Every structure is written in structure tokens, then in C-alpha cells.
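The values are calculated or read from the model by the stated rules, or taken from the named source; none is laboratory data. Since this is a predicted model, take the numbers as computed values, not measurements. With ideal geometry, Cβ positions are generated from the backbone for all residues, glycine too; neighbour counts draw on all protein chains shown. Remember, those area values only see protein heavy atoms, side chains included, never the ligands or the DNA or RNA. Shrake-Rupley method; radii C 1.70, N 1.55, O 1.52, S 1.80 Å.
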Amino acid sequence: MKFIWIISLLLSIALLPSAWAEPHQIVNLAFVDVDSAPFLMGRGDKVADPPGLAVELVQQAVTAAGYRLQLQRLPQLRMLKELEHGQIDGAFIFSYTGERAQLYAYPMNGSHPDSSQRVTHISYALYRLKGGSASWDGQKFDGITLPVGVNTGWVMSTTLRDKGLTVDDGGKGYPENFTKLKLGRISAYATLEPSADSYLKNAGLTDQFEKVGPPLQGKDYFLLFSKRFVTDNPEAARNIWQAVARVREKHEAALLRKYD
């Protein structure tokens with residue numbers, strides 16, 4: 001009788017859903033190796049402490065969904081190439097473009113990215129030297145005689161080129177591009193507003209630069225998965241995206257205060 005009970009127990013365990021059979025699946029995610037405070041803190045290949053608002057949201061979401069997180073920092077272009085080839089499971093944080101959607105998987109609602117499953121929403125702003133000539137009134141640019149700086153690999157490069165501007169996207173992050181602006185190599189710098197404000201405040205540079213006009217645009221930013229990961233683990237991808245939405249709704253306001 002005892003033998004029959006043991007066999008029944010083993011069969012029951014074998015028939016449990018895969019989520020129970022493998023409760024600690026590791027998900028390998030990456031984010032860029034340049035500072036983008038308050039969302040991604042620090043530079044280089046080490047995860048900072050604290051790591052940033054977006055990092056904490058993703059960490060909490062992966063854990064809440066029942067998975068283990070393996071996290072690394074990579075240069076942006078290398079990270080996207082590894083994501084395309086399925087060498088990493090996912091990467092964050094990225095806005096939506098049709099071109100990217102051909103290569104990577106977004107949380108979708110029909111034919112559009114699902115805004116409810118975004119990691120965060122960020123506005124872009126235009127910065128210039130205080131008293132500079134570059135301007136933006138929400139409709140048109142003026143006083144721009146040199147290229148506009150944009151971080152390497154950012155979609156904003158394409159947006160500005162489509163508006164007829166010349167772009168310099170050779171700088172990886174805030175130190176490089178604000179230095180170019182100070183040295184007169186670019187007329188203005190288009191970048192993420194809260195991150196740039198945080199950098200200027202922490203670097204003691206708020207008296208040297210200023211924002212111009214209204215935001216250039218606002219975008220939702222997402223955790224992307226590789227096409228391979230979603231094909232092999234559709235339930236895991238869905239669970240984590242849904243957990244991102246829940247965690248953001250519950251904790252984003254507190255995290256914004258933490259990183260203010």
C-alpha cells in the first residue's frame with residue numbers, strides 16, 4: 001500500500017505544470033553600461049548600488065513572476081546585437097520602433113505596444129549652453145548651426161534627422177555630450193529629461209546649461225525579449241511583462257521619490 005502511495009505521489013509531481021517543475025528558471029537580462037539616472041545608475045559593467053529606478057522595477061518584476069534574474073551591463077550596440085541573436089534573453093529600457101519590433105519582442109496589444117506593460121514613460125528635452133542660440137518652440141527648430149548631439153544608438157537620432165537636422169551620435173552618454181556642447185562642437189543636445197537633469201545637478205553644472213522649449217517628445221520604455229526567448233518561453237515572457245505592469249503601478253511613485 002505504501003509503495004502504491006509513493007508511485008502515485010511521483011506521478012502527480014511529474015504531471016505538474018512546467019512552471020512548478022522548474023520554479024527557478026534563470027532569465028538573463030542586460031542594460032546599457034552608461035549612466036542614465038535615475039533609471040540606470042552608474043557606468044561600466046558593474047551594477048551600481050542603488051542600481052536605478054528601471055533596474056529595481058525589472059528586478060522586482062522578475063522575482064514576482066517566479067524567476068531568477070541574471071543581470072549584466074553591456075555597450076548598447078553590442079547588447080542589441082546579442083539580443084537579436086538570442087545570446088541574452090532580454091534587455092531594457094527601450095522605446096518602440098517598427099524596425100526594432102522586427103528584431104526583438106515587445107509586449108503587444110494587437111498591432112501596438114502595450115503601454116500598460118511599459119517599464120516607465122520618459123520625455124526628451126533639448127539642452128543648450130546658457131544664452132545659446134538653439135531654440136525649439138514645439139513646432140520648429142531655430143538657431144541650430146552645428147549638429148545636435150544624441151547618445152550612440154538612440155532612436156532620437158532618426159527622429160531629428162527626419163526633421164532635417166544634422167546629428168552627432170558619437171557620444172555614449174552625458175559627460176561626453178555635455179562636454180561637446182561646452183566646447184562648441186554641437187549646437188544642442190537632445191536627451192532624456194529626468195536623466196539629464198539628474199546628471200547636471202550631481203555634476204554641479206546646472207549654471208552652465210539650460211533646457212529649451214517644451215519636451216521634444218514623450219515615449220514609453222519597455223523590457224524587450226529576444227524572439228528566441230519568446231518562442232521558447234512564451235509563458236515566462238508573458239508573466240514577466242504582466243509583473244512589470246503590476247510592480248510599476250505599485251512601486252514607481254515610491255522609487256521616483258527614492259531617486260529624486
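For this structure, a couple of remarks:
- Only a single item in (1) surrounded by 15 or more Cβ atoms within 10 Å (Cβ to Cβ); (2) touching an Asp or Glu at 6+ places or on another chain (Cβ under 7 Å); (3) not basic (Lys, Arg) is not met by Phe94, and it is number (2).
- Those helices (runs of 4 or more DSSP H) of segment 185-260 that lie entirely within it include none in which at least 3 residues are of a type in the set (Lys, Arg) and touching an Asp or Glu at 6+ places or on another chain (Cβ under 6 Å).
- If you filter segment 174-190 down to residues that are aliphatic (A, V, I, L, M) and touching a residue at least 60 places away in the same chain (Cβ under 8 Å), you find that the one that is farthest from Lys130 (Cα to Cα) is Ala190.
- If the condition is being among the polar types (S, T, N, Q) and either closer than 17 Å to Phe39 by Cα or open to solvent by 50 Å² or more (accessible area, probe 1.4 Å) (or both), then segment 183-203 contributes Thr191, Ser195, Ser198, Asn202.
- Considering only residues in segment 56-83 that are open to solvent by 70 Å² or more (accessible area, probe 1.4 Å) and not polar (S, T, N, Q), the one that is nearest to Asn239 (Cα to Cα) turns out to be Arg68.
- Qualifying positions in segment 181-201 - under 20 Å from Leu216 (Cα atoms) and more than 24 Å from the chain's Cα centre (by Cα): Leu181, Ile186, Ser187
- Pairs meeting the criteria (first residue in segment 68-93 and of a type in the set (Val, Ile, Thr), second residue in a helix (DSSP H, G or I), beta carbons under 7 Å, at least 6 apart or on different chains) are Ile88/Glu82; Ile93/Ala54.
- Verdict on Leu126 being open to solvent by 30 Å² or more (accessible area, probe 1.4 Å), within 29 Å of Lys201 (Cβ to Cβ) and either assigned to a loop (DSSP other than H, G, I, E, B) or in contact with a Lys or Arg (Cβ under 9 Å, 6 or more places away or on another chain) (or both): no
- So Asn151, is it in contact with a Lys or Arg (Cβ under 8 Å, 6 or more places away or on another chain), within 18 Å of Asp33 (Cβ to Cβ), touching a residue at least 24 places away in the same chain (Cβ under 8 Å) and not aromatic (Phe, Trp, Tyr): yes
- Single condition Phe225 does not satisfy, out of (1) in contact with a strand residue (DSSP E or B) (Cβ under 6 Å, 6 or more places away or on another chain); (2) in contact (Cβ under 8 Å) with a residue 40 or more places away in the chain; (3) under 15 Å from Tyr124 (Cβ atoms): (3)
Each row is one residue, and each column tells you yes or no for (1) in a helix (DSSP H, G or I); (2) out of contact with any Phe, Trp or Tyr (no Cβ under 7 Å at 6 or more places or on another chain); (3) aliphatic (A, V, I, L, M).
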{"residue": "Tyr96", "(1), (2), (3)": "no, no, no"}
{"residue": "Arg100", "(1), (2), (3)": "yes, no, no"}
{"residue": "Ser133", "(1), (2), (3)": "no, yes, no"}
{"residue": "Gln139", "(1), (2), (3)": "no, yes, no"}
{"residue": "Ile144", "(1), (2), (3)": "no, yes, yes"}
{"residue": "Gly153", "(1), (2), (3)": "no, yes, no"}
{"residue": "Leu160", "(1), (2), (3)": "yes, yes, yes"}
{"residue": "Leu165", "(1), (2), (3)": "no, no, yes"}
{"residue": "Gly171", "(1), (2), (3)": "no, yes, no"}
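- The residues of segment 38-78 that are hydroxyl-bearing (Ser, Thr, Tyr) and in contact with a helix residue (DSSP H, G or I) (Cβ under 8 Å, 6 or more places away or on another chain) amount to a single one, Tyr67.
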